[in-house]
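The block underneath contains the structure these notes are about, expressed in structure tokens.
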Amino acid sequence: MSPHFPPPGSARSAAEVNEQIRALWLRTGGSLSTQERTEYELLVVEWAKAIREEIIKAA
């Protein structure tokens with residue numbers, strides 16, 4: 001299954017990305033294939049970016 005990411009410029013919230021990360025782990029039963037590991041890594045990077053943006057907006 002290929003990851004679905006928003007087009008550039010339409011950032012998702014950290015909560016939305018976190019939900020997708022949780023869904024990935026539930027869907028795979030906690031054991032990631034190589035492709036799923038890549039999807040997970042991209043999601044974590046997106047989540048970290050969203051967290052930073054939310055902190056900057058709050059400051």
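Odds and ends about this structure:
- Share of carbon and sulfur in the accessible area of segment 8-49 stands at 57%, probe radius 1.4 Å.
- Distance between the pseudo-spin-label points of Ala48 and Ser33 (7 Å out from Cα toward the beta carbon): 2.6 nm.
The values are calculated or read from the model by the stated rules, or taken from the named source; none is laboratory data. Here the structure is a predicted model, which means the values were calculated and not measured. So basically every Cβ, Gly included, is an ideal-geometry build from the backbone, and we count neighbours across all protein chains shown. To get the accessible areas, we keep the full protein, side chains included, count just its heavy atoms, and leave off ligands, DNA and RNA. Shrake-Rupley method; radii C 1.70, N 1.55, O 1.52, S 1.80 Å.
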